[in-house]
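Structure first, then comments.
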Amino acid sequence: MKARIAALNGHVHRVSDGALYPAISRLVAAGKLDQRTEAGTSAAPRRILSLTDEGRADLLERLRHPKQAEITDHARFNTVLAFLRWLPDPGEQAAVLRRRLDFLETPASFFYRDGRPVRAEEAEDPFRAGMLRVARARGEAERAWLREAIDRLAG
């Protein structure tokens with residue numbers, strides 16, 4: 001399970017056993033996951049998890065209406081993207097991408113001076129300038145991809 005989560009999230013957000021197994025227990029108790037046991041290839045039995053109809057409906061609703069933090073936080077948004085293909089309506093998929101694009105088009109910075117965002121060219125040292133240049137390049141690339149994806153979904 002942890003390997004599959006890592007495949008979705010990459011190396012940025014590791015999931016600990018202390019977070020994973022209680023979360024699974026909560027989802028089973030809430031009726032969102034079914035759990036069964038099968039004989040394993042070794043001595044330990046395998047625990048098989050599957051979404052219930054309620055769990056699938058909840059997932060689709062969460063994909064339709066991600067929390068603001070899931071739009072604004074890069075790692076959390078990547079998790080939304082990892083599952084967005086399961087939302088069957090391209091219009092709803094595009095709406096999620098538009099929310100991210102709207103967020104990225106709002107001027108922002110890691111650093112502020114006198115209430116306004118500091119640009120890379122105004123940074124006080126090369127390290128802050130580097131952070132800002134990399135963020136700018138990533139933001140430009142992501143905005144370009146979002147526009148292309150939205151157009152494709154609308155097509």
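I'd like the residue in segment 99-134 that is touching a strand residue (DSSP E or B) at 6+ places or on another chain (Cβ under 8 Å) and open to solvent by less than 80 Å² (accessible area, probe 1.4 Å) and, out of all such residues, is farthest from PHE77 (Cα to Cα). So that I can check it myself, show each step before the final result.
Going residue by residue through segment 99-134, those that are touching a strand residue (DSSP E or B) at 6+ places or on another chain (Cβ under 8 Å) are 107-109, 111, 118, 122.
Then drop every residue that is not open to solvent by less than 80 Å² (accessible area, probe 1.4 Å), which leaves 108-109, 111, 118, 122.
On the way: ALA108: 17, SER109: 18, PHE111: 22, VAL118: 24, GLU122: 29 Å.
Step by step, filter segment 99-134, then rank; the result is GLU122.
Quick one: count up the residues across segment 71-98 that are of a type outside the set (S, T, N, Q), open to solvent by 50 Å² or more (accessible area, probe 1.4 Å) and in a helix (DSSP H, G or I). Spell out the reasoning first.
Just the residues of segment 71-98 that are of a type outside the set (S, T, N, Q), to begin with: 71, 73-77, 80-92, 94-98.
With open to solvent by 50 Å² or more (accessible area, probe 1.4 Å) added as a condition, the list becomes 73-74, 76, 81, 83, 85-86, 88-90, 92, 98.
Those left that are additionally in a helix (DSSP H, G or I): 74, 76, 81, 83, 90, 92, 98.
Total meeting the criteria: 7.
Scanning for something part of a loop (DSSP other than H, G, I, E, B) and within 21 Å of the chain's Cα centre (by Cα), does segment 110-130 turn up at least one residue?
Within segment 110-130, the first condition is being part of a loop (DSSP other than H, G, I, E, B), and the residues that meet it are 110-111, 114-115, 118-119, 123-125.
Now restrict to residues that are within 21 Å of the chain's Cα centre (by Cα): 110.
Within segment 110-130 (the criterion being part of a loop (DSSP other than H, G, I, E, B) and within 21 Å of the chain's Cα centre (by Cα)), the answer is yes, since at least one residue qualifies.
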Checking the conditions here, which among ARG47, ARG36, ARG56 is open to solvent by 90 Å² or more (accessible area, probe 1.4 Å) and assigned to a helix (DSSP H, G or I)? ARG56
Mind listing whichever residues of segment 59-70 are within 20 Å of ARG147 (Cα to Cα) and either of a type in the set (A, V, I, L, M, F, W, C) or in a loop (DSSP other than H, G, I, E, B) (or both)? LEU63, HIS65, PRO66
Any residue at all in segment 135-145 that is closer than 23 Å to ARG14 by Cα and open to solvent by 80 Å² or more (accessible area, probe 1.4 Å)? yes
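The values are calculated or read from the model by the stated rules, or taken from the named source; none is laboratory data. Given the structure is predicted, the values throughout are model-derived calculations rather than measurements. Because the Cβ atoms are built from the backbone with ideal geometry, glycine has one as well, and the counts that use them run over all protein chains shown. The accessibility values were calculated without ligands, DNA or RNA, using every heavy atom of the protein model including side chains. Shrake-Rupley method; radii C 1.70, N 1.55, O 1.52, S 1.80 Å.
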